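Remarks on the structure that follows.
Laboratory data are not the source of any read-out in this text; all were calculated from the coordinates shown. Being a predicted model, the structure only gives us computed values, none of them experimental. Cβ sites come from the backbone with ideal geometry, for glycine too, and all protein chains shown count toward neighbours.
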Amino acid sequence: MSINPITVRARALAAVDAIPPTFPLSTFVAANPLHGMERHTFEDAAQIAATTTGARAYLAESDYRTMFESGRISDIELRAALGRRGTPGSADPERAVADFLDARSDDPPGDAVQRRRDPHAEAVDGQVAKWCAAYLDQGQAAWEMPHRELGLYGAWRRMAPRDPSLRRLAGTVGRRRVRDLPTSAAGALCALVVRRELDETDLTREFRAAFRRLPGWSSALARSGNSEDLVGFLALLLALEELIPGAAAPHSTAVDPEVDPAITRGSIWQDALELGYRDQLLGLLERTTGADAAAPSAGTPLAEAQMAFCIDVRSEGIRRHLEAVGPYDTIGFAGFFGLPIRIAALEAEPVASCPVIVEPRATVGEVADAAPDVAARRHDRHQAVEAAWEARHDAKVEPAAPFAFAEAAGWVLGPSAALNTVAPRAASRLASWMRRSSVPPIETRMELHPAAPHDGAPAGLSTDEQISMAHGALVTMGLTSGFAPLVVMCGHRSATTNNPFAAALDCGACAGKAGGPNARVLVEMLNDPAVRAGLAVADIVIEPSTWFVAAEHETTTDTVRIADRRHVPVEHLAALDRLEAALEEAGARLAAERLGELPGAEREAAAHSTGHSPGTARASAARGVVHRRSGDWAEPVPEWGLAGNAAVVVGPRDLTAGLDLGRRVFLHSYDSDGDVDGVALGTILTGPLVVGHWISSQYYFSSVDPDRYGAGTKPLHNVVGGIGVLEGPGGDLRIGLPLESVQFAGRRVHEPLRLLAVVQAPRERLEMLIGRNAAVAQLLENGWIRLVAGSNGNDGWAERRRDGTWVPWSADRTDTTAHDAGATLAMAVTPRGAMTDDDTTEVE
Amino acid sequence: MMGRERLTPMTRIEVVVSGEGAGAVKDLFTAAQATGFTTVSNVSGLGHGGYHEGRLLFNDVDSMSLLFTVVPDERADDLIDAIGVLLEDRPGVMFVSQTAVSRPAYFGRD
């Protein structure tokens, strides 16, 4: 096959699987950094990553040893993991464990292979990173990069001959040779690979190696969807290697098929750790009284209200406490409430508010629900404030303006900064008051109908589309009958200050946005008599006595706010008042529960805990602490987000009701009896399960190798427009989660576990669905997700092994003698531990 | 009435690929100067790797897409090579067949 521009482009596009998927800061959602390698087994992907980048896919051996010595991993679990591998000597399991422990390897998987870096390569990478930053800037830079319309390579080719840093690296003559390069990126790449005498069939491997040198910037280019820039990235990198003497990288070599022994050992240790968690969780489920629960709790008529929350692990806490406080049933469902839409908030552009694996199919606008003159006044003030902020930004970045800006505004910004530092909660309240004063809040509503276009955006959903979406949502969450008088759809959001990764704490199912607007949209549909009439045709009958209400759970403070209260009929207000009181109590209890996990929070609460009974004082102080953290611009850990996530349980709430799952489990409601054709379960397996796997993987890899898969530490972050962060002044854009999302002060907070899926459904139905969805089958059979299922709950659990066979849990469990039950529970449900002790794993 | 002999022979290239890979196929169609293409999202069917469900309610990247284009024969080989490269490491299939069109100018042939 000849080398020509189109085959070179195809090689570049084929190599994209080496690029980790990432998202801009404003819509940061979790993703598996090894997503492109999911076609390989987890172990093979670990080997490829270690060989090509030196990245680790397992913890260091010493970390696992520490867990073993502390009892977190038992010898029974280790024996089971070894047995699954058919490790030599497994005929005598005890001997196999002893041999395994004797053959310790001090080399952390992946670290045995160091990246071959030299100053020339560093110089090339530095140049490429610099030009990517300039090219992708989204308005933060004072001077926009000229010639951006020519693409990355074209703009560089025009600018590089005047770049003094290139003259220093390549010399005057070398710099001048830029002009001799072909004008198109594909043409240049073609010419460069020919001059380098690269074999056409090796190009995909070469290009993968090139992308892996700067995974952050190549990912930022890839997400623009413009392949021309990916080709340009490669052309730029190869051109610099040619221009800078001594910089030509050696040809990349094929991955050694010989598996690194450290990776084999890591996979066994990791299996043992995960088997332990599997058995702890299944052991917990065994304790539920609803062992034979088949009917969804959603149908219980005694509930005064039903409340649907996102499957996010943080919802488990508020659901548990709410159910303990009053006669309320809760439901778990993907937090975008099944609505594949963009939402245009008032005075804002439409943004996707559904999982990143879903293409939005419509746009819904938030519109003012007030008299026209009131809405117009508010609009004018909003515009004025926006203009003022823009002027402030310009004053900061214009070369001559900062001094004058400091003179003019320092008298107010100085004290403001001081207040933010010494009294963050007061500063937060003041800022909130100022926002309300400058742009008074206004009542709004979600406009669903196409008859009301919103600022030119393609707006609205027909009644038939609304019926279809509402039907899909209710069926998938298993809420098709037995509606309570009050049914609440509760999205979630975070509330943090000075946090570039704020979106990572918002709703992942809403593409890193707040989930409240989606809840408002679904509620608007479900209260519409025309939609209810359409649902009744599909046998979902909602009595007129049922009213739907939207709400939003603020996870940083555990505050739940009811939306659009003014629309609630008077006959429901008393029940809504009681529900709000219950939510206040549940939120206070949850905040108090979280105190022990947040660094320094217990001490801070104790200092402010005065008067009242000890329990009340603690709950009250907890509220103060979480609000302080929410508003504190210097707080590195405002909340722990989804740290600790480990499993997803798909089944009726009866299966998990009353259990403290430690906010580690995604909970998706599912009524197996009401889904005999498997449509709802198919949707769950291909949607929420995949999203859960992405979240799990992002935390996993950020935890096992924060240097390569994490975003570095917050104090060193240098925010680059809305694109991402650098750690320091330059270099590659960081991928993954910040260090403070997975560890604190050198202590690992997120215990890395691949996602465990526990599904209460007939195995035949699961097999049918796995057989129909190759992507799900791939995740299971390549060991990226572990699946346990059973039709009747506890007695019937079985694990689906990678070869597709089901092994009964009763024949496979490791927890019968391994751990003391009480101790196991404590360990299983509180991985974050008390942040005042130092008994968790030290990070190397 | 127009007989077959009055049509212009061309090459029809069909690709079935995951929704995630559809963009790359479109890129290659465009790079090969195909003047147009057709995309059918969420197709279902049985392949060597198992059955692929069609429309997934909450997932548009894992369902399969069918894309096809028609190009003059002289541009076909490079495009076929390029798509072959793309499919080396990802799920998908390509079908190539002879076809004939009545308006060759629409397909980049004067």
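Have a look at A:ALA121, A:ALA362, A:PHE336 and report the one farthest towards the positive end of the charge dipole of chain A, computed about the Cα centre with Cβ charges (Lys/Arg +1, Asp/Glu -1).
About the Cα centre, the residue reaching furthest to the positive side is A:ALA121.
Hey, if you put +1 on the Cβ of every Lys and Arg and -1 on every Asp and Glu Cβ in chain A, which of A:CYS510, A:PRO350, A:GLY460 ends up farthest toward the positive end of that dipole?
A:PRO350
How would you rank A:SER791, A:SER2, A:SER416, going from fewest to most other Cβ atoms within 10 Å of each one's own Cβ? Could you put the intermediate results ahead of the total?
On the way: A:SER791 18, A:SER2 9, A:SER416 15.
Result, fewest neighbours first: A:SER2, A:SER416, A:SER791.
Sort out for me the Cα centre separation of segment A:631-685 from segment A:189-256, rounded to whole Å.
When both Cα centres are located, 41 Å separates them.
Could I have the simple spin-label model distance between A:ASN718 and A:SER70, label points 7 Å from Cα toward Cβ, reported in nm to one decimal?
In this crude label model, A:ASN718 to A:SER70 measures out at 3.6 nm.
Using the scaling law 2.2 N^0.38 Å as the reference, what is the normalised Cα Rg of the protein assembly as shown? Write out the running numbers ahead of the final one.
Working: Rg = 28.9 Å, N = 954, 2.2 N^0.38 = 29.8 Å.
Output field value: 0.97.
What does DSSP give for chain A in terms of the percent of beta bridges that are antiparallel, rounded to the nearest 5?
40 percent
Describe numerically, in nm with one decimal, the distance between label points set 7 Å from Cα along Cα→Cβ at A:VAL194 and at A:ARG566.
Result: 7.0 nm between the two label points.
Kindly provide the GluC sites (Glu not before Pro) of segment A:135-226 that DSSP labels as loop, not H, G, I, E or B, and whose Cβ sees at most 16 other Cβ atoms within 10 Å. Intermediate values should be presented prior to the final figure.
On the way: sites: A:GLU144, A:GLU149, A:GLU197, A:GLU200, A:GLU206; in loops: A:GLU144, A:GLU197.
Hits after loop and neighbour filter: A:GLU144, A:GLU197.
HN-Hα J couplings of segment A:662-675 from phi, Karplus 6.51/-1.76/1.60, θ = phi - 60°, integer Hz, Gly and Pro as x?
Couplings: x, 6, 10, 10, 6, 10, 10, 5, 7, 10, 4, 5, x, 9 Hz.
Using 1/(1 + (r/R0)^6) with R0 = 41 angstrom and r between the beta carbons of A:SER437 and A:ALA538, what's the FRET efficiency to the nearest 0.05? All intermediate terms of the calculation are to be shown ahead of the outcome.
Details: r = 48 Å, r/R0 = 1.18.
So, using R0 = 41 Å, E works out to roughly 0.25.
For segment A:723-776, with only Lys/Arg (+1) and Asp/Glu (-1) charged at the beta-carbon, what is the dipole magnitude about the Cα centre, in debye rounded to 20? Let's see the in-between values first.
Working: 7 positive and 6 negative charges, 44 e Å.
Once rounded to the nearest 20, the dipole reads 220 debye.
Starting from the amide H of B:VAL101, placed 1.01 Å from N in the peptide plane, find each other amide H under 5 Å away whose residue is 5 or more places distant or on another chain.
The answer is B:THR8, B:MET10.
Please arrange B:SER41, A:SER630, A:SER224, A:SER428 by counting, for each residue, the other beta carbons lying within 10 Å of its beta carbon, fewest first.
Working: B:SER41 15, A:SER630 23, A:SER224 12, A:SER428 20.
Listed from fewest to most nearby Cβ atoms, that is A:SER224, B:SER41, A:SER428, A:SER630.
Mind putting a number on the dipole of chain A about its Cα centre? Charges go on the C-beta only, +1 for Lys and Arg and -1 for Asp and Glu, and I need it in Debye to the nearest 20. Show your work: numbers first, answer last.
Working: 83 positive and 110 negative charges, 458 e Å.
Approximately 2200 debye in magnitude.
Which of A:ALA581, A:ILE562, A:ALA536 sits farthest toward the positive end of the charge dipole of segment A:505-593, with +1 on the Cβ of Lys and Arg and -1 on the Cβ of Asp and Glu?
Of the listed residues, the answer is A:ALA536.
Enumerate the amide H contacts of A:VAL541 below 5 Å, restricted to partners 5 or more residues apart or on another chain; note that Pro and chain-start residues carry no placed amide H.
none
Tell me, what HN-Hα J-couplings in whole Hz come from the Karplus equation 6.51 cos²θ - 1.76 cosθ + 1.60 at θ = phi - 60° for each residue of segment A:302-314, using x for Gly and Pro?
Each residue of segment A:302-314 in turn: 6, 5, 6, 8, 10, 9, 9, 10, 5, 6, 2, 4, 5 Hz.
List every residue whose amide H lies under 5 Å from the amide H of A:VAL759, counting only residues 5 or more places away in sequence or on a different chain, with H placed 1.01 Å from N in the peptide plane.
Close amide H contacts, sequence-distant or interchain: A:VAL650, A:VAL788, A:ALA789, A:GLY790.
Can you put A:ARG813, A:ARG594 in order of Cβ neighbours within 10 angstrom, beginning with the fewest? Numbers along the way, then the final one.
Values: A:ARG813 19, A:ARG594 22.
In order of increasing Cβ crowding within 10 Å: A:ARG813, A:ARG594.
Count, for each residue of A:770-780, the Cβ atoms from other chains sitting within 10 Å of its Cβ, then give me the mean as a whole number. Intermediate values should be presented prior to the final figure.
Numbers: counts 2, 3, 7, 8, 10, 12, 4, 3, 4, 1, 0.
Average per residue, whole number: 5.
What is the distance in Å between the Cα centroid of segment A:340-387 and that of segment B:32-110?
Distance between centres, Cα-based: 38 Å.
Gap in Å between the Cα centre of segment A:551-621 and the Cα centre of segment A:488-506?
Centre-to-centre (Cα) distance: 17 Å.
Expected output is a single nm value to one decimal: the length gained when fully extending between A:THR616 and A:MET145, i.e. 0.36 nm times separation in residues minus the C-alpha distance. What is it?
Values: separation 471, 0.36 × 471 = 169.56 nm, distance 5.79 nm.
Contour length minus the Cα-Cα distance gives 163.8 nm.
Using only Cα atoms, what is the ratio of the radius of gyration of segment A:220-274 to 2.2 N^0.38 Å?
Numbers: Rg = 18.9 Å, N = 55, 2.2 N^0.38 = 10.1 Å.
Normalised Cα radius of gyration, segment A:220-274: 1.87.
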